[in-house]
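Have a look at the structure below, then the notes.
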Amino acid sequence: MYQAIVFLPLIGALIAGLAGTSLFRMMGREAEAFGHDTGHDHGHGEHGDAHEHHHQPPWPMYLTSALLIVTAVLSWVAFIGYLHDGGVQKFEILRWVGSGALSANWVLRIDTLTAVMLVVVTTVSALVHVYSIGYMGHDPHQARFFSYLSLFTFAMLMLVTSDNLLQLFFGWEGVGLASYLLIGFWYKRPSANAAAIKAFVVNRVGDFGFALGIFATFLIFGTIDFDPIFAGAAGQVGKTMDFLGYNVDVMTTICLLLFMGAMGKSAQFLLHTWLPDAMEGPTPVSALIHAATMVTAGVFLVARMSPLFETAPYASDFVIIIGAITAFFAATVGLVQNDIKRVIAYSTCSQLGYMFVALGVGAYGVGIFHLFTHAFFKALLFLGSGSVIHAMSDEQDMRKMGGLAPHIRITWVMMLIGTLALTGFPFTAGYFSKDAIIESSFASRAGPGAFAFWLLVIAAAFTAFYSWRLMLMTFHGRPRASAATMEHVHESPQVMLIPLYFLAAGALAAGFVFKDYFIGHDYDAFWRGSVVSTEIIEEMHHIPAWVIWSPTVAMVLGFLVAWLFYIRRPDLPATLAAQNEPLYRFLLNKWYFDELYDFIFVRPAFWLGRLFWKRGDGWAIDGFGPDGVSAWVVDITNRVVRLQTGYVYHYAFAMLIGVAALVTWFMFGGAH
Amino acid sequence: MTLATLFFYLFSAVMLASAVMVISSRNPVHSVLFLILAFFNAAGLFILLGAEFLAMILVVVYVGAVAVLFLFVVMMLDIDFAELRQGMLNYLPVGATIGLILMVELVLVVAGWSISPDLLKTVTSPAPSVTDMTNTEALGRILYTKYIYYFQAAGLILLVSMIGAIVLTLRHKPNVKRQNVSDQVARGPATAIEIRDVKPGQGI
Amino acid sequence: MWLLEQADAAAVLPEIILAVIAMVLLMVGVFRKGETANFVNLASLFGLAVVALLVIFGGSGRMTAFGGAFVVDTFARVMKVLILFGSAAAITLSVHFMKEQKIEKFEYPILILLATVGMMMMVSANDLISLYMGLELQSLALYVVAAIDRDNARSSEAGLKYFVLGALSSGMLLYGASLIYGFTGATGFPEIAAATAAGAGGLGVLFGIVFVIAGLAFKVSAVPFHMWTPDVYEGSPTPVTAFFSAAPKVAAMALLVRTVFAPFSGLVPDWQQILVFVSIASMVLGAFAAIGQTNIKRLLAYSSIGNMGYALVGLAAGTQEGVRGVIIYMMIYMIMTLGSFACVIAMARKGRQVEEISDLAGLARTDKMLAFVLAMLMFSLAGIPPLAGFFAKYFVFLAAIQANLVTLAVIGVVASVVGAYYYLRIVKIMYFDEPAPGFDPMHGEVRLIAVLAGAFSLVFVLIAQPLVNLAGAAAASLF
């Protein structure tokens, strides 16, 4: 069964990718179609010219979707089994690497943590596949799209089922690749390519740390398999190793390096810049990869490595601090963004920060629980916003929306459910998981915990504000779009709405149904040691009432302010922005991180690159290497060709000269 | 100094001189005539060597046929040799240098050459003494037996050159009357002659 | 007394039969009324096949005839079969071409047959006189076929240039032969070998060798005796060019191999120097000059020059392995070049031949198969593994390295890198340039030869072992 779960998406990806796109046939066409397709955020309807309509058969999308639905059903079966019993199961696929002391086999490792991730990944993926049938149905390259989606799913499943760090790294890079391909799916659009490259490069920074972490692990433990590492972690506490000339604590170093990878993949503070730009990809991709699954890989990594992090308190503190700052920072930026997808992207970033705080304080189950619920409502929000964008004829700017609620009632309801869940409205999914994180951060009592607690509460208020701002700006108030656009506003087809229903159900009920397993009294029976169990789970049930109420109060506050700003006094935001111009600019420009990085890293890198290119490669290597040699060859060729004059007596002379030279050589040339 | 030696130097000197004249004389007809003179002197050298057959062949074939043919061709084709030779001076220095180098080297080598007495034994078919049999007979004895292979090969080469000459030059022109020997021979009195009884005072 | 001893007849039977067939067909051509070219073509092919069978099954081991002037050994048999094959291919390629160019003549196959007799005599020559006889028989026929398109100025010019320079080279050869005869007193190869072993000759014999090798190098178009090649290749009708580049090269190379080994096996270090020089010059010039060409026949002419340089690397090694390399090289080279020329013959638009490399542009889109075959042949000629051309080069370079001629091998490899450029350029033009108008449909027999050559270059790696063994046996028969 688990093999089927992992490999069915791969099979779908291969068939759709190889047979569906018929690479060979397309190579010629691609070239001639180049430049015609400017790309739209969704390939719906707008491709009027006949050129784009070399329609591919629709079977690749049905095939991949069907396979994913099967996979999702199987995952749920497995997950339900894990609710009550089941420990670690391993399925060896093949012997993979054996090099000296390093050996890494391809093994599917299934435990509760994996089962949770399987459900999240396959469910969202299946729903996104189905949604995409509607959303991408008219895109000329849909087979490629579905192939990438399935490839991503396979890589993600590889990641969560890994049994050693190398296998995990394989999945890690696989999802990175799929993310790159999907962000740049509309490769004729320069901004999409730039975003894809940015995502890839920023992730490389994190992956560099991750790889170093893997090396360090192998160096210290002599293996990269999970079980021996976990078993040996306690024995390494307090030991030191040499790193970059410093004597450093072993476990702290390893954990920090691994966390560096997680920071990149999960878009944490300092390495977050790629995520908002990744919204250049098609909206279903944003929902699947950049909200529900891939970006949570970092969270999964830390949870999976929880036995290591438990031995490294400083590393855990660092995780808390970074998580809290991210949660706060992203929420502040989200306050002022006008692009509907960017708001949700910053929201994702912020929510990932929440998860890391939970992991940092040791409440691993809580973090994973939030990952689980977040997948539902964030995917719901993204797909819902896709539906809005679709209705608005590709408009993403919220300033040009408004008053949409009566026109697209179902989408409105869905977005409302997502917003409620995100802001933590009582008894929705977010209410249980997010509040639990805030409670656990308070319960940890350590310095970073208190720091995190206050930041998270403030962020919760901001979250409510920007979420409701999004809802109100989009669906309520006066319509700000042109009359023509408003006329065209229409509800999405059923194939796009049905996934929303499922996600809405999850967003409403996932917290309520599963809270006992994930964070309640069935905690130990459910997790069975797949994440470390700490006393904080117990402690978070014994905290003051005001702490429990604080997130809810923050939420209400956020809602009220939003209502005031966008319904009651729509002129207020502009006034406020004008009064606090520097702060507004600072937030609108995302704390100037892009500019800062551009100045510190990008420009020096370009300068260095240009130096190597022009001087090093162009002048020195090409000049003396290929170009110099080829110029020399051409020169010789011209001389040689000029010898061939066409006159017989020249030819005869050449022969005679040859003979004379040889004879002279024998006469005087030292032949004897 | 015997008479034979005297004649050897005479023939050689005249032959070399006329060979130089072949390429240097302005009038092409003179060139051919000098060529004929060179052939005659070569024939004389052959006679001195006792190769009377080769000498006669040289005179008969080369002088009698080839050189005369040359003469016809040169006279019939109006070739401006002066023009052809114009470029020659440009190449004279290079050509002369190479020729000189080669000549010096060859002279150096050949001057130091002496046939060892043993080597004469390896010669496959030494010419018999003139007193035993004539050159012609000696050649005839080996040409169709020992050297049948070379002889036939030479025949094939001549065949090829004949085919080549025909292929490259023969053109079948329509409306050209040709002599047909068999027709001529087959023509007897019965077909060629018609006897008419001509009455006096009347025409046919 | 029989004119021919029975033993002599057995040895020389294939040559006699081929000559007789040629003469009979000549009579047929002259006296039969109406269109005779087709019949003569077919009969010639049949005759070549019969003679090839005779060569293969007409006995084994070493046979000599005519007092040692003519020798048949494994080396001679292998080379003769190759030559017969090359001649047959040349006739096959010409059938439709000559008809379409309106230069069809029944003498053409007959001249090819007679040239083939000459080449077979060359391969079996074991005496300076028989060497010269074979060479002249072959050369005369070639001069004529070069000019066979006699109303075409370029063809006539080609024939005349070839003839004049060929006469010069024959003169050199004869001069060398007379020097050798003069200094050793013998014309038979074994006798010369005995005389040189006894210390006769010295520098005089060496001069003779220089002149003889110069004469033969002209025939294999090795630098600096190559100058005729591009002009003659370009001017002659394409099937004739194909013929020039195949069978006569094999014959001349075989003759060169025998001429340096049979009489002068004691002077290896001396003639080695000549061949190293000629080989390097050929490889380098072939590689560089071909780059500047726009006419594909000229390009193949330089390719041919370069390839002869590579083959001479094996000969320059002066060892049995080297000779084996030469045999393998000639085998592969002949098939590659025939295939390439078959492709060139296929380059016709509306009945007119085109010869510019740019005419091949985008061929991959107008004639996939022709483009693929030509690409395979070009890759093979460039020496890219695992195609046949790679092994050809491998064996000669291997022999050179074993003979401590590392510098020669290195220069060879560098030259083949330079040479790869123009082969790959053709592939690039065919596959990546904007298509030119398509060619006329290929005739079946041209297509057959092209495809067979392409297939050979592809599958050589599978059939290499027996062929290498055969070449090894042939090389061994010389030592």
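The values are calculated or read from the model by the stated rules, or taken from the named source; none is laboratory data. Since we're looking at a predicted model, the values are computed, not measured. So basically every Cβ, Gly included, is an ideal-geometry build from the backbone, and we count neighbours across all protein chains shown.
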Open item on the list: Just checking, does segment A:61-70 include any residue being in a helix (DSSP H, G or I), buried (at least 24 other Cβ atoms within 10 Å of the Cβ), touching a helix residue (DSSP H, G or I) at 6+ places or on another chain (Cβ under 9 Å) and hydroxyl-bearing (Ser, Thr, Tyr)?
Closed with: yes
- [ ] Just name the residue that is nearest to the chain's Cα centre (by Cα) out of those in segment C:133-179 that are part of a helix (DSSP H, G or I), within 12 Å of chain B (Cβ to nearest Cβ) and of a type in the set (Val, Ile, Thr).
- [x] C:VAL145
Open item on the list: Looking only at residues that are closer than 11 Å to A:ASP435 by Cα and among the aliphatic types (A, V, I, L, M) in segment A:535-550, which one is surrounded by the most Cβ atoms within 10 Å (Cβ to Cβ)?
Closed with: A:MET540
- [ ] May I ask you to list the residues in segment B:157-204 that are surrounded by 10 or more Cβ atoms within 10 Å (Cβ to Cβ), under 25 Å from C:ASN152 (Cα atoms) and not hydrophobic (A, V, I, L, M, F, W, C)?
- [x] B:SER161, B:GLY164
Open item on the list: Tell me whether segment A:579-593 contains one or more residues that are touching a residue at least 24 places away in the same chain (Cβ under 8 Å) and outside any helix (DSSP H, G or I).
Closed with: no
Task: Options A:LEU165, A:LEU182; residue that is in contact with a helix residue (DSSP H, G or I) (Cβ under 7 Å, 6 or more places away or on another chain), in contact (Cβ under 8 Å) with a residue 40 or more places away in the chain and under 25 Å from A:TYR501 (Cβ atoms) - done: A:LEU182
TODO: Go through (1) at the interface with chain A (Cβ under 9 Å from one of its Cβ atoms); (2) under 30 Å from B:ALA111 (Cβ atoms); (3) in contact (Cβ under 8 Å) with a residue 12 or more places away in the chain; (4) not aromatic (Phe, Trp, Tyr) one by one and return the number of the condition C:VAL223 breaks.
DONE: (2)
Open item on the list: The conditions are (1) more than 9 Å from chain C (Cβ to nearest Cβ); (2) surrounded by 14 or more Cβ atoms within 10 Å (Cβ to Cβ); (3) more than 20 Å from the chain's Cα centre (by Cα); (4) polar (S, T, N, Q), and B:THR131 fails exactly one of them. Which is it?
Closed with: (2)
Open item on the list: So, in segment A:623-650, exactly how many residues are within 7 Å of chain C (Cβ to nearest Cβ) and not in a helix (DSSP H, G or I)?
Closed with: 2
TODO: Inspect all residues belonging to segment C:191-205 and state whether any of them is farther than 19 Å from C:ALA317 by Cβ, surrounded by fewer than 24 Cβ atoms within 10 Å (Cβ to Cβ), more than 10 Å from chain A (Cβ to nearest Cβ) and of a type outside the set (Gly, Ala, Ser).
DONE: yes
Open item on the list: Take the conditions assigned to a helix (DSSP H, G or I), in contact with a helix residue (DSSP H, G or I) (Cβ under 9 Å, 6 or more places away or on another chain) and hydrophobic (A, V, I, L, M, F, W, C) and apply them to A:VAL120. Does it pass?
Closed with: yes
TODO: Could you check segment A:362-451 for helices (runs of 4 or more DSSP H) lying wholly inside it with 2 or more residues that are under 25 Å from A:PRO307 (Cβ atoms)?
DONE: A:364-391, A:429-444
Open item on the list: Go through (1) modelled with pLDDT of 90 or more; (2) more than 23 Å from the chain's Cα centre (by Cα) for A:VAL121 and report which single condition fails.
Closed with: (2)
Open item on the list: Testing A:PRO570 on (1) more than 9 Å from chain C (Cβ to nearest Cβ); (2) part of a helix (DSSP H, G or I), one condition comes back false. Which one is that?
Closed with: (2)
Task: Sole residue being of a type in the set (Lys, Arg), surrounded by fewer than 24 Cβ atoms within 10 Å (Cβ to Cβ) and within 11 Å of chain B (Cβ to nearest Cβ), chosen from C:LYS105, C:LYS99 - done: C:LYS105
Open item on the list: Any residue that is part of a loop (DSSP other than H, G, I, E, B) and closer than 18 Å to A:MET398 by Cα - is there at least one of those in segment A:532-550?
Closed with: no
Open item on the list: Just to be sure I understand the filter: pairs with C-beta atoms under 6 Å, separated by 6 or more residues or on different chains, first member in segment B:142-167 and facing chain C (nearest Cβ under 7 Å), second member loosely packed, with under 14 Cβ neighbours inside 10 Å and modelled with pLDDT under 90. Which pairs pass?
Closed with: B:ILE148/C:LEU3
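To keep it simple, each residue is scored yes or no on (1) of a type outside the set (S, T, N, Q); (2) under 20 Å from B:ASP78 (Cα atoms); (3) without any contact (Cβ under 8 Å) to a residue 60 or more places away in the chain; (4) surrounded by fewer than 18 Cβ atoms within 10 Å (Cβ to Cβ).
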{"position": "B:TYR9", "(1), (2), (3), (4)": "yes, no, yes, yes"}
{"position": "B:ALA13", "(1), (2), (3), (4)": "yes, no, yes, yes"}
{"position": "B:ALA17", "(1), (2), (3), (4)": "yes, no, yes, yes"}
{"position": "B:VAL20", "(1), (2), (3), (4)": "yes, no, yes, yes"}
{"position": "B:ILE23", "(1), (2), (3), (4)": "yes, yes, yes, yes"}
{"position": "B:PRO28", "(1), (2), (3), (4)": "yes, yes, yes, no"}
{"position": "B:VAL32", "(1), (2), (3), (4)": "yes, yes, yes, no"}
{"position": "B:ILE36", "(1), (2), (3), (4)": "yes, no, yes, no"}
{"position": "B:ALA42", "(1), (2), (3), (4)": "yes, no, yes, no"}
Task: Subset of segment A:43-60 (residues that are modelled with pLDDT under 50 and crowded, with 22+ Cβ neighbours inside 10 Å) - done: A:GLY43
TODO: Enumerate the pairs (first residue in segment A:302-316 and polar (S, T, N, Q); second residue anywhere and not in a helix (DSSP H, G or I)) with beta-carbon separation below 6 Å, excluding pairs fewer than 6 apart on the same chain, so at least 6 apart or on different chains.
DONE: A:SER306/A:VAL531; A:SER306/A:VAL532; A:THR311/A:VAL237
- [ ] Test C:ALA252 against the stated conditions and say whether it is in a helix (DSSP H, G or I), more than 14 Å from every other protein chain (Cβ to nearest Cβ) and out of contact with any strand residue (DSSP E or B) (no Cβ under 7 Å at 6 or more places or on another chain).
- [x] yes
